[in-house]
Amino acid sequence: MSPPPEPSAPSETPAPPEARDVPGRPRQTRELILDAAVACLMENGYAGASTLAIQARAGVSRGGLLHHFRSREELLVAAALHVADTESPRNQERVVRELAAVPEGRARSDRFVELLWESHHRRFFWAAMELWNAARTDPSLREALRPAERAVTASVLACVERTWGPAALGRPGARELRDVLMTSMRGAALTYAFRDHPPATDPRLPAWKDLADRMLHGD
């Protein structure tokens, strides 16, 4: 699955002051802005996610946007976390419930690998990759992104620990396996920016499953 096709860039015309600011309801205004920022990141990339484009898409005034976010970097990092906060807890609970119903052993580790791979094709992954790539040459964005990246990584690791359990995590190399799966899947998922076939048919998936089985259950 490849990320959504990029439509024409949104208008850079600022929204009028009478736009959709919600006086006395800052949470609603903040979420309008964050949803608009995510949409701009997904559809137009980092370069197309300017504050003016986000402001216009959200339908809020310039003052309404600046009240919540002092800089573009702060806004875009918050947008990526907004997706993670919206999707990750729900996804974590779904994964934990699903794996609890799968017998321990190869069946469970196989399904875990499948679900972990699926997570690298969600909205958050692509929004985060836009920011990571831009952060390479943008020191202010890089600094703003560090705490967010640590928080998201901690969330993923917590999900791993809940699903693998202490016995599997206590095996030699288990934690290294976790890191290898995460980094290799991240790199493989990036190729889906220009590939168009179902992630579930990726030829690397059986190899990841075999590796997990050997590390978690092999003698």
For region 111-129, pairs from a residue that is in the same structural domain as Glu149 (by TED's automatic domain parsing) to a residue that is modelled with pLDDT of 90 or more and outside any helix (DSSP H, G or I), with Cβ under 9 Å and 6 or more apart or across chains, are Trp117/Asp202
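Suppose we keep only residues that are hydrophobic (A, V, I, L, M, F, W, C) and surrounded by fewer than 22 Cβ atoms within 10 Å (Cβ to Cβ) within region 39-52. Which one would you say is modelled with the highest pLDDT?
Residue satisfying both the conditions and the ranking: Leu52.
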Considering only residues of region 98-141 that are within 21 Å of the chain's Cα centre (by Cα) and among the polar types (S, T, N, Q), which is surrounded by the most Cβ atoms within 10 Å (Cβ to Cβ)? Ser119
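The values are calculated or read from the model by the stated rules, or taken from the named source; none is laboratory data. Keep in mind that what you see is a predicted model, and the values were worked out from it rather than measured. Neighbour counts are summed over all protein chains in view; Cβ atoms, including those assigned to glycine, are modelled from backbone coordinates with ideal geometry.
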